[in-house]
Amino acid sequence: MPSLAFDRNRDLVAADTRLVLPSGEGFMCTLQPSDVLRIVDLEGNQAVDTLFFDADRPYDHYSAVKTIAAQGNIYLTTGSVLLTESGRPLMRIVEDTCGRHDTLGGACSAQSSTVRYGHDKVHMHNCRDTFMLQIAMHEPRLAKRDLAPNVNFFMNVPVTPDGGLEFADGISGPGRYVELEAMSRVIVLMSNCPQLNNPCNAYNPTPVEIVIWRRGA
């Protein structure tokens, strides 16, 4: 499939959006075809939980199952095409200086923190709460039922020999980034993970930078 990317050379000076997202905060926007989104791991080993939706059919969201099956790999990296439940292409990773990204670990929630780390963790802020807050503020067409299994950019979740999942130390580093090109109109829903209980972000949640180049701008 030919690239949709317009020739802006990814010049940061020419970016239409640049913002720093603190840990625990969320971000939501709509991308048009050929818009490019870059997520920068500013300090290294941060985890950025992200969901994608067809902006014209919000019920048709990113599908980890369809994406994994289509590419024959549980990890995402340069060349990976993120598909919806119906098989429509949403985003393509066009550059990745980290190496791979998780599709299996899911988003932390009050419930998962309780099960994994103890009942005293139930009050701690989590990505599912951030997702819900962003939806409530920005997108009335979405609801709790639309929070499907998400991508965890920069997160390292290897599969163990017995088929389980391990939340391991990150493989990213300061300044590494992933860049995605929109292949249709796409809603992006993001939570910069506040997780303090596993090593996905070295027990030290840090900010990330979001950069967007818009085709028509």
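Just so you know, all these numbers are worked out from the coordinates, no wet-lab data involved. All figures in this text were calculated on a predicted structure; none of them were measured in a lab.
Rounded, prolate or oblate: which fits segment 35-90 when a ≥ b ≥ c are the square roots of the eigenvalues of the alpha-carbon gyration tensor, with rounded for a/c under 1.5 and prolate only if a/b beats b/c? Don't jump to the answer; show the numbers that get you there.
Working: a/c = 2.15, a/b = 1.41, b/c = 1.53.
Since a/c reaches 1.5 but b/c is at least a/b, the shape of segment 35-90 is classed as oblate.
Distant-in-sequence amide contacts of residue 29, defined by a placed amide H-H separation under 5 Å and a gap of 5 or more residues or a different chain, comprise 188.
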